[in-house]
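The values are calculated or read from the model by the stated rules, or taken from the named source; none is laboratory data. Fair warning: this is a prediction, and the values are worked out from it, not measured in the lab. Cβ: placed from backbone, ideal geometry, glycine included. Neighbour counts: every protein chain shown. Areas reflect the complete protein model, heavy atoms only, side chains present, ligands, DNA and RNA absent. Shrake-Rupley method; radii C 1.70, N 1.55, O 1.52, S 1.80 Å.
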Amino acid sequence: DTNETIISIEQESDEIEETVEENEDSKRVLFVPVENDSTKMISSEINSQNAILVDYNNSIISAKKNADDIINPASMTKVLTILVAAKHIENLDDTVTITQEIADYCYKNDCSTAGFDVGETVSIKDLFYGAILPSGGEAALSLATYVAGSQDAFVEMMNEEIKELGISDTAHFTN
């Protein structure tokens, strides 16, 4: 159902690619930065296995370190959870009750938690704080369930989001 077209744009003699996706409902432009001769390698002095620095205005990769590696997204998962949830939540005062199922999942998977208890009623606003500040797995999973009805449905939404962001070649979520 989705047709992809690559459009080349000349800008200050650097070629920039943007992917245009068309479907029945919309037309979106995906941001796809490219390397050029001025792209630098990030030194080993930077304490990270992978990094990328992008000049957003010119769609150029300014510097990189193992930028094309497929990696476990770690904190990116939390950031994307917040991004996707924020796009679909209208009322920060709505509440969710922390379930035993959510607590069990977090325990079995050794997730860090924000400290919400089973049976506790928590505002959506507090779930956002709990998911991002202490990296609370129960808060993130509660947001996912609130937004999509299940973890699996929310993961599909996350994978759609990374596709829209143009980063689905280097990241894919399964849970």
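Which of the residues belonging to segment 60-110 are over 30 Å from Ser43 (Cα atoms), open to solvent by less than 50 Å² (accessible area, probe 1.4 Å) and not in a helix (DSSP H, G or I)?
Ile89, Val96, Ile98
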Can you tell me how many residues in segment 139-157 are farther than 13 Å from Ile102 by Cβ, more than 13 Å from the chain's Cα centre (by Cα) and open to solvent by 40 Å² or more (accessible area, probe 1.4 Å)? 2
Unique match (being polar (S, T, N, Q) and at pLDDT below 95) among Thr121, Thr77, Thr99: Thr77
Checking the structure you have, find out if any residue of segment 125-138 is open to solvent by 50 Å² or more (accessible area, probe 1.4 Å), on the phi < 0 side of the Ramachandran plot, of a type in the set (D, E, K, R) and modelled with pLDDT of 95 or more. yes
Quickly run through segment 111-150 and pick out the residues that are hydrophobic (A, V, I, L, M, F, W, C) and part of a helix (DSSP H, G or I). Ile124, Leu127, Phe128, Ala131, Ile132, Ala139, Ala140, Leu141, Leu143, Ala144, Val147, Ala148
Return yes when Leu127 is more than 14 Å from Thr99 (Cα to Cα) and among the hydrophobic types (A, V, I, L, M, F, W, C) and no when it is not. no
Inspect segment 158-172 for any residue being part of a helix (DSSP H, G or I), in contact with a helix residue (DSSP H, G or I) (Cβ under 7 Å, 6 or more places away or on another chain), within 22 Å of Lys108 (Cα to Cα) and open to solvent by 10 Å² or more (accessible area, probe 1.4 Å) and give the result as yes or no. no
